[in-house]
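The values are calculated or read from the model by the stated rules, or taken from the named source; none is laboratory data. Keep in mind it's a predicted model, so treat the numbers as computed, not measured. FYI the Cβ positions are ideal-geometry reconstructions off the backbone, even for glycines, and counts take in every protein chain you see. What goes into the accessible areas is simple: the full protein's heavy atoms, side chains included, and nothing from ligands, DNA or RNA. Shrake-Rupley method; radii C 1.70, N 1.55, O 1.52, S 1.80 Å.
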Amino acid sequence: MANCENKVSFYTESGRELKVQCGRTNPYGDRTICESCSQDASEMKLIRDHEESVDADNAWLRSAGWGEM
């Protein structure tokens, strides 16, 4: 995913097209995943593992009173 240069198109309410690189945050606040990465089981496992680590880090930070980073 870190090396994926594919872009995914998103459209605003006004109809403007935004192209977002795979792996970046999309206009809805979620991770952008291109079709080729979404079809790759090993790539999706890496993405899920990373997101679980982020969630665990944020849970620990909240429990320590720091909030999310």
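Before moving on, here are some points about what is shown:
- Sparse packing (at most 12 other Cβ atoms within 10 Å of the Cβ) combined with a DSSP loop state is found for the following trypsin sites (Lys or Arg not before Pro) in the chain: R16, R24.
- Relative contact order %, the chain, counting alpha carbon pairs below 8 Å whose residues are six or more apart: 19
- For mean projected area of the Cα convex hull in nm², calculated from these coordinates, the label among (i) 5.7; (ii) 4.3; (iii) 4.5: (i)
- For the chain, C37 stand unpaired, since no other cysteine beta carbon lies under 4.7 Å from theirs.
- Each residue of the stretch 29-37 was assigned a 3J(HN,Hα) from its phi angle through the Karplus expression (A = 6.51, B = -1.76, C = 1.60, θ = phi - 60°), giving x, 9, 6, 7, 10, 6, 5, 5, 5 Hz with x at Gly and Pro.
- For the chain, the 222 nm mean residue ellipticity estimated from helices alone, with every DSSP H stretch of n ≥ 4 adding -39500 (n - 2.57) and the total spread over all residues, rounds to -12500 deg cm²/dmol.
- Less than 5 angstrom separates the built amide H of I33 from those of G23, all sequence-distant by 5 or more or on a different chain.
- For the chain, the longest principal axis of the C-alpha atoms and the axis of helix 41-63 are separated by about 40°.
- Residue-level accessible surface for S9, protein heavy atoms, 1.4 Å, Å²: 50
- Sum of side-chain charges, I47 neighbourhood, beta-carbon under 15 Å (Lys, Arg +1; Asp, Glu -1): -4
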